[in-house]
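The values are calculated or read from the model by the stated rules, or taken from the named source; none is laboratory data. Source: prediction; values computed, not measured. Counting neighbours? That spans all protein chains shown, and the Cβs are built from the backbone with ideal geometry, glycine included. Just the protein is used for accessible areas: all its heavy atoms, side chains included, with ligands, DNA and RNA removed. Shrake-Rupley method; radii C 1.70, N 1.55, O 1.52, S 1.80 Å.
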Amino acid sequence: MKCLLVASESAEVLFYWADREFEQNIQDQYGPRQYEGDTYPAFEDSFNTLFAPLIISCSTLIEKINDTYTSFVTENTHLYILHQFGECLYIAVNGDGEETEADLRRKIYVMKKLIEVHFGMVTLNSALLRKELRPQDTEQRIQLWKMLQSLLETYSLLREQDQSFLVEAVERLIHPTLCEQCIEFLERRVVQQINGSPERAGEEVLHAFILVNTKLLAFYSSRNASSLKPSDLLALILLVQNLYPSNNELDDTALEGPEVFYTPEPSPTGRESAEMEGKSTPVFQFVDPDVQMAEDSLKTQASQPPDPATPRRVFLEATFKEGYCPMMPHSMYCLPLWPGISVVLLTKIPHSQVAVSLYQFLEAFTVLEKKLSEGQEGGSLPRMQPPLSELRNKLDKFIRALGSNEIQFPQLQNTWTDFKNKAFSRAAQGTSRELLMSCRAMKTWLCAVYRHYFVVQSHRSPQRLSVSLQEKALAMMQEKLMDWKDFLLVKSKRNITMVCTYLEDFPGLVHFIYVDRTAGQMIAPSLNVTDLSTTELGKGPLAHFIKSKVWSLVGTARRYLQKGYTTVTLRDGDYYFCYFLWFESETGYKLEGIELPVLSEDSAPIGMLAGDYYRKLLRYYSKDHHTEIVKCYELLTIHLGVIPTDCIVQHCCELAKKLWEPTRIPLL
């Protein structure tokens, strides 16, 4: 019984997702779906009927007392979480007890992030966002909603199965030699050749990276590129997984074999060593690449993903010489090398500098709107940085440079002329209220121009990297990785192993997760748990039990971090949990701890996809460390409860030191 809804203040459904149980519940109340061709408007109406009283009551509370409820539980124990973003109300519901308040709030924020990635600064204007989320054409609307629903389902699945999405950090595939080779290959054979080709249609490859399932093998950025924010990279990995899902069911069919548990043994003799070399290693016993490729191929065919040659428009944070833009338009090309392995190209599109200018103007009018709303009397303009005279000159030049007959541009020019008359003309100087209304109108039309250039035109314009250029890049990458593909698919399932690497040094250590929050990257032993697979955690119920403990520890750590705690140690039955968050200088010197701010219950969830908590935390800490680069790290460990506490603390310190160096594997 799960559901997520996005609605306008007038109770209009802008997007919804519901599982089968929730859909069945609606059908029991309002009747079955009534299809009209390939559409089902009657079911959408049922959704609207169910939630309209709640939406209207929220709007009324905000209007009357400027406050509303954020969560409640109904008599039938259904949990409702609500959050207002602008004029859009997000509602998440759970009726089976499988999701907590924090889970639902995280789902809401992740959905908001995915909408921002797809629509950019259009999300800053509620009226324009309504047009995008709810197109007038019913078929177009259903296709858009299916895409967003699929993304939300992919996120929910990955969060339940993948540690990188559990802690919201990018997991790298650990193989330094191959990583460096691939980075060099991406630079010289892919990015440079594409950017030097006349077939690139004005686009420029800024970033190129290789994914093996959800793990990052190699990442290259061109010299002209802005750094890619870790939260944006994780969102892109989610998009790629939605296009070409990993086959996690492989474990049930391909991982049959003897149970393997860790028992320290003496070093083998020369003969024993030779015999062992003749056998398959545990890594390659873990998965049959041929089975994976066959099953993934069937799954890929069944899902019928879009043409790889057709790019997807995505909006990511970037800083170029033209300036900063939090939602810079890019084109994303996802080229599947083989099932489970893809190369992704992010390109800078023509006219992208327009987005930087539009954002700068939007920021200026947002500041002005705030100052006017604070109670400026009369028609006098508040002082601003940069001065309004500078804004006037830049915007005059910008509008002249547009030079288009499209409807958005004359209306932008007319609105700007009206604003200038009210703001700068002594004869027709407007009141503060008139200036405020004119200021808001300017923001609307600036967003409309952004929408026209980067959202509407992306559906119309065939301009993109030529198919032959993409095919050439694909063929080169396949040739480069042909001898590695089977190994990479196996490695993605068994990236880091406890047996081979850590148990001899840290006896009693069951599992750990180490996160470099500055880089947004994590390291952890693999946790692939199915009923038929054998792992280092054992088989069947035991492996599931340990996995549930790991997920529980992450949730516990977040709850304490939300209250300002950076160290947590607790015993849970036969296990001992530890969590640490600390800061270091760039050279690895541990910095003193500080008192962290306590977050409210309805604040943005801790993570990267849902509000980028750690980025804000680093800024907060760095206020008192202006002269050095501050790094932030997290370590979560699970030990057997029989291990003495002082040994566990010593293990955690030594493990952090051991893991510090591998995080320096190059990405750029």
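When PHE580 is tested against (1) open to solvent by 30 Å² or more (accessible area, probe 1.4 Å); (2) modelled with pLDDT of 90 or more; (3) part of a loop (DSSP other than H, G, I, E, B), just one condition goes unmet, and that condition is (3). Residues in region 96-117 that are within 18 Å of ARG312 (Cβ to Cβ) and open to solvent by 20 Å² or more (accessible area, probe 1.4 Å): LYS113, GLU116. Against the conditions (1) part of a helix (DSSP H, G or I); (2) within 23 Å of the chain's Cα centre (by Cα); (3) surrounded by 20 or more Cβ atoms within 10 Å (Cβ to Cβ), VAL190 satisfies every one except (2). Condition check: within 30 Å of GLU634 (Cα to Cα), surrounded by fewer than 21 Cβ atoms within 10 Å (Cβ to Cβ) and in contact with a helix residue (DSSP H, G or I) (Cβ under 7 Å, 6 or more places away or on another chain). Does LEU157 satisfy that? No; evaluated as a whole, the condition is false for this residue. Here THR138 passes the criteria (1) farther than 23 Å from ALA604 by Cα; (2) surrounded by 21 or more Cβ atoms within 10 Å (Cβ to Cβ) except the one numbered (2). Condition first: in contact (Cβ under 8 Å) with a residue 60 or more places away in the chain, among the acidic types (Asp, Glu) and over 16 Å from GLY555 (Cβ atoms). Now tell me which residues in region 568-620 satisfy that. Residues satisfying the conditions are ASP574, ASP602, ASP612. Among the residues of region 467-489, is any over 26 Å from the mean Cα position of the chain (by Cα) and modelled with pLDDT under 90? Checked against the condition, which is being over 26 Å from the mean Cα position of the chain (by Cα) and modelled with pLDDT under 90, region 467-489 yields no hits at all.
Comparison of ASP602, ASP624, ASP646 shows that the only residue that is charged (D, E, K, R), outside any loop (DSSP other than H, G, I, E, B) and more than 22 Å from VAL170 (Cβ to Cβ) is ASP646. Taking region 397-415 as the range and being open to solvent by less than 30 Å² (accessible area, probe 1.4 Å) and at pLDDT 85 or above as the test, the residues that pass are PHE398, ILE399, LEU412, THR415. Can we say VAL630 is more than 30 Å from PHE85 (Cα to Cα) and open to solvent by 30 Å² or more (accessible area, probe 1.4 Å)? No, not satisfied. Any residue that is open to solvent by 40 Å² or more (accessible area, probe 1.4 Å), modelled with pLDDT of 90 or more and out of contact with any Phe, Trp or Tyr (no Cβ under 7 Å at 6 or more places or on another chain) - is there at least one of those in region 87-95? No, region 87-95 contains no residue that is open to solvent by 40 Å² or more (accessible area, probe 1.4 Å), modelled with pLDDT of 90 or more and out of contact with any Phe, Trp or Tyr (no Cβ under 7 Å at 6 or more places or on another chain). For region 550-564, the criterion of being open to solvent by 60 Å² or more (accessible area, probe 1.4 Å), assigned to a loop (DSSP other than H, G, I, E, B) and at pLDDT below 85 is met by none of the residues.
Looking only at residues of region 193-207 that are in contact (Cβ under 8 Å) with a residue 60 or more places away in the chain and among the polar types (S, T, N, Q), we find that the one that is least open to solvent (accessible area, probe 1.4 Å) is SER197.
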